[in-house]
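Have a look at the structure below, then the notes.
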Amino acid sequence: MKTLGKSIGFSIPRATEGTQVRFKYGMPSEVDCHLENKTKIVVDYKRLHVKAIMLGFLIIGPSLYLMWRSMWTNDVIVGIFEQPPEIFIPSLLGLIILHEFVHLLTHPRAGLSSDSVVGIIPKGGMAYASYQGEQSRQRLIVTLLAPLIVLTFVPFLLAPFIPPAIVPFLPLLSIINGVGSAGDILLTFLVIRTVPRDAMCHGHYFGFSVNDSRDYQGD
Ligand SMILES: [Zn+2]
């Protein structure tokens, strides 16, 4: 398959072979998947994207706003909007980087593997961190939900113990991260519904590990 973008390597200091995170401009490349009965997890990415935008803005955003509103005043919650762009824009970019970094940390080998790919999809400007090696269904679910838990729910649970003046940005960043996690949430539902418990996930696919006792010809 023709790849949509160029891959460039990024060396971590004192890296040994295979411990590089790859960066990619475009969708992740197709993986060479040898799982039995391999099936695509997502059939229509465009539809997923539209659903994620609707879920994020119509349901998750307003729900998280009401949750925060039960604790703090509106002035505090929308605090970051009152900041000049030189604070607001870096905060937003920082949040996107942090979100992908949390995904990466939950990958096998904590992201220090050439199977971990961080990229940007030019259409829509969406960032992603994707593990391209084989992993269990459970592992994939943990990876998908980690940023939502760490950057949206943990700040919410800690908020009663933090004076608003110290972290005026916390509520809105928590809400924005929640809205931005809509795609991760939809993917999690999809994985729970369609991928059997004992299946393995590999790139865009899920399937079953080839039985070791059998002489696999690799057809
Ligand atoms: Zn995400």
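The values are calculated or read from the model by the stated rules, or taken from the named source; none is laboratory data. Since the model is a prediction, treat every value here as computed from it, not as a measurement. Glycine also receives a Cβ, built like all others from the backbone with ideal geometry; neighbour counts cover every protein chain displayed.
Show the residue pairs meeting these rules: Cβ distance below 6 Å; 6+ apart or different chains; first residue within the range 174-196 and under 16 Å from Ala146 (Cβ atoms); second residue of a type in the set (A, V, I, L, M) and more than 14 Å from the ligand (Cβ to nearest atom).
That search, which allows pairs on different chains as well, returns Gly178/Leu64.
What is the one condition in (1) modelled with pLDDT of 90 or more; (2) touching a helix residue (DSSP H, G or I) at 6+ places or on another chain (Cβ under 9 Å) that Thr19 does not satisfy?
The failed condition is (1).
Suppose we keep only residues that are of a type in the set (Val, Ile, Thr) and within 12 Å of the ligand (Cβ to nearest atom) within the range 118-148. Which one would you say is farthest from Leu186 (Cα to Cα)?
Looking at the filtered set, the residue picked out is Val118.
Could you please tell me which pairs satisfy a Cβ distance under 7 Å, a separation of 6+ or placement on different chains, a first residue in the range 62-73 that is within 18 Å of Leu158 (Cβ to Cβ), and a second residue that is surrounded by fewer than 13 Cβ atoms within 10 Å (Cβ to Cβ)?
Listed pairs, sorted by first residue: Met71/Pro160.
Would a scan of the range 149-160 turn up a residue that is within 15 Å of the ligand (Cβ to nearest atom) and under 14 Å from Ser63 (Cα atoms)?
Looking through the range 149-160, at least one residue is within 15 Å of the ligand (Cβ to nearest atom) and under 14 Å from Ser63 (Cα atoms).
What are the residues in the range 79-102 that are without any contact (Cβ under 8 Å) to a residue 60 or more places away in the chain and within 16 Å of the ligand (Cβ to nearest atom), if any?
Matches in the range 79-102: Leu93, Gly94, Ile97, Leu98, Glu100, Phe101, Val102.
One line per residue, one yes/no per condition, for (1) part of a helix (DSSP H, G or I); (2) surrounded by fewer than 17 Cβ atoms within 10 Å (Cβ to Cβ); (3) of a type outside the set (Asp, Glu):
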residue	(1), (2), (3)
Arg109	yes, yes, yes
Val118	no, no, yes
Lys123	no, yes, yes
Ala127	no, yes, yes
Gln135	no, no, yes
Arg139	yes, yes, yes
Val142	yes, yes, yes
Leu145	yes, no, yes
Pro155	yes, no, yes
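Based on this model, can you work out whether Gly180 counts as over 22 Å from Ser29 (Cα atoms) and within 16 Å of the ligand (Cβ to nearest atom)?
yes
Let's see how each residue does on (1) touching a helix residue (DSSP H, G or I) at 6+ places or on another chain (Cβ under 8 Å); (2) of a type in the set (Lys, Arg); (3) farther than 25 Å from Phe23 by Cβ:
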| residue | (1), (2), (3) |
| --- | --- |
| Pro122 | no, no, no |
| Pro168 | yes, no, yes |
| Pro171 | yes, no, yes |
| Ser174 | yes, no, yes |
| Asn177 | yes, no, no |
| Phe189 | no, no, yes |
| Gly207 | no, no, yes |
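Please report, ordered by residue number, the helices (runs of 4 or more DSSP H) entirely within the range 10-107 with at least 3 residues that are surrounded by 13 or more Cβ atoms within 10 Å (Cβ to Cβ), in contact with a Leu (Cβ under 8 Å, 6 or more places away or on another chain) and among the hydrophobic types (A, V, I, L, M, F, W, C). Steps first, please.
Working: elements: 45-54, 61-69, 74-77, 85-105.
Passing ranges, in order: 85-105.
Determine whether Val195 is within 16 Å of the ligand (Cβ to nearest atom), farther than 21 Å from Gly56 by Cα and hydrophobic (A, V, I, L, M, F, W, C).
Considered against the rule, which asks whether it is within 16 Å of the ligand (Cβ to nearest atom), farther than 21 Å from Gly56 by Cα and hydrophobic (A, V, I, L, M, F, W, C), Val195 comes out as no.
How many residues are within 20 Å of the chain's Cα centre (by Cα) and of a type in the set (A, V, I, L, M) if we restrict to the range 59-80? Steps first, please.
Residues of the range 59-80 within 20 Å of the chain's Cα centre (by Cα): 59-61, 64.
Still in the list and also of a type in the set (A, V, I, L, M): 59-60, 64.
Count: 3.
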